[in-house]
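What follows is one structure encoded as structure tokens, with my remarks underneath.
Throughout, read-outs are computed from the coordinates displayed, never taken from laboratory work. Everything quoted here is computed from the prediction, not taken from an experiment. All Cβ positions, glycine included, derive from the backbone under ideal geometry; neighbour counts span all protein chains shown.
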Amino acid sequence: MAIRFRPDNNSNSNNNDNRGGGGGRNNSAIIMAVIMFAFRYPKFAIPIIIIGVIVFVMSGPGNNTQENIYSMGCDINQEKYDESKVFAALSPMSSKYSLPKAVSLRQFAPRPLNQGQQGSCVGWASAYAARTILEAATTGANPNSTTFSPSFLYNQIGLRGCQGAYTGEALEHMKQKGLLQFSKFPYDPNSCNKRPTQSQLQEAMRYRIRGYNRLTKTGRNYDVDLEAVKQNIAQGAPVIIAAKVPYSFQNMMGKRVWRPTSAEKRTVNSHGGHAMCLIGYDDNKRQFEIQNSWGTEWGDNGFVFISYENFKLFCREAYGVFPHQKAKTASATNFAIECGLYDVQNRSNITLRHVRDNLFETTAPVAKGTELKIEITNSLECFTYVFSKEVDNGNRQGAALKVFPPSDKYSAYMGIVGTRLFPRDGVGKFYADDEGNRDFMAIVYSKDELNPDEIRSRIDRAGKGNFYDNVMAAVGNRAFDDLNYQNKSGALISFKQSASAKQDVAVVVIAMDKR
């Protein structure tokens, strides 16, 4: 008897060719076909070769001889992208869902500078743009006086003699080792050989980012989730992107909106990779606002606007940086959660009643096989984990199961506050299996990231005689001991606690009778 996770059938689909490299795959296939035809019919070889060369030049990689106006340097690699965890987005289907029609973080952005001949765009997008925006938005400091060094980051992660880097590796470095200010580690476009001193490395730890997520809908679908991008921007979190960049994008001096040519749209994968920082969106114009690293003479003073459609076509990677918390009033710092079980087929919440302490139960039996999601509304960032109880085995009370996150591909982080139904559509659902007549589900909310496998193991070893007590023993003294639980409308459970309390974990256990 257990609540289990079932992946959606389309969770493994992928409509986006996210492979890196120079491109020209379609052209290569055509060339091979031409060669085979020429061998079979030699008398047509010369005219076919002439025609093939003309077609390759006219429809090839966007006239590569013109594609070197500016340096780029982003290595786009699907295997690397796959290492980043997928963001648990807010649910647009919820009646509580609301985003502003337009948001821009440009007021927090530093003046766009030019990366020059070095392929260090990843350092500029991640450190100089995104990290500076986070700092300025959080502290209120002038962004031009609090910029972070692109070379401090890039010089430690760069590939192939200053001509490339992986965006995901840059973000992981920022999370683990931090950054240094521009003034303390100046940029040299002619060299990436300088390394930080030990004291600089220690100082950089003060400026680590809290984390980051990949903004796709599922773990195996690499298409950028536009709604997730907007959710991050709306809450002050810049988005770092890696995109394919054709000639027309480079030739944007004095232009505000980028419009690729039809030929460029047909040959997206043949263009080079470039990292930039997405800082705004406008639903009325259906455009994203992006900061580049090619100076103020390019685009709109160093910025550019791209339609949602063209962005989705050319963007290959998108990472949301965890927002930093601003100083807030006491009333705004409550660790407040509202949650409940959601019946997918009936599109309604399941009625619950309070049993004792952190334990709740369904008021009526649930049909075996019922597909479920969890509805959660959070006012402050948190990490969310879900455990259930496996079928009894001999004298054991039943082994614990981790059911969310369903795999290492998915993030438990819910720092973009609002309402979610999770697992989200495309990822999967929970369901009540056919074994036994009573299931248990434990939802664990934490202010800090936990190791869910360790928690599951502790639940399994607790030996308290029942699942509820095992869960509470596993969490231990980290659990809030004076939460004020309310059972709103019989369906949603709500509680709150001061975020300054020394405890940092809240637990809700739900017992579910089955028929």
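Annotations for the structure displayed:
- Burial ordering of T218, T296, T197, fewest other beta-carbon atoms within 10 Å first: T197, T296, T218
- The Cα trace of segment 98-249 gives Rg and Dmax of 15.6, 47 Å, the first to one decimal, the second as a whole number.
- Among the listed pairs K194/K312; K175/K402; K96/K429; K80/K101, those whose Cα-Cα separation exceeds 30 Å are K194/K312; K80/K101.
- Distance between the 7 Å Cα→Cβ label points at N477 and T363: 4.0 nm.
- Take the Cβ atoms of Q486 and D343, set R0 to 25 Å, and the FRET efficiency comes out at 0.75.
- Note on K101 and N284: their simple-model spin labels are 0.5 nm apart, each label 7 Å out from Cα toward Cβ.
- Gained length - R266 relative to Q176, 0.36 nm times residue gap less alpha-carbon distance: 28.5 nm
- Global size of segment 95-184 as Cα Rg and Dmax, reported in angstrom: 14.6, 52
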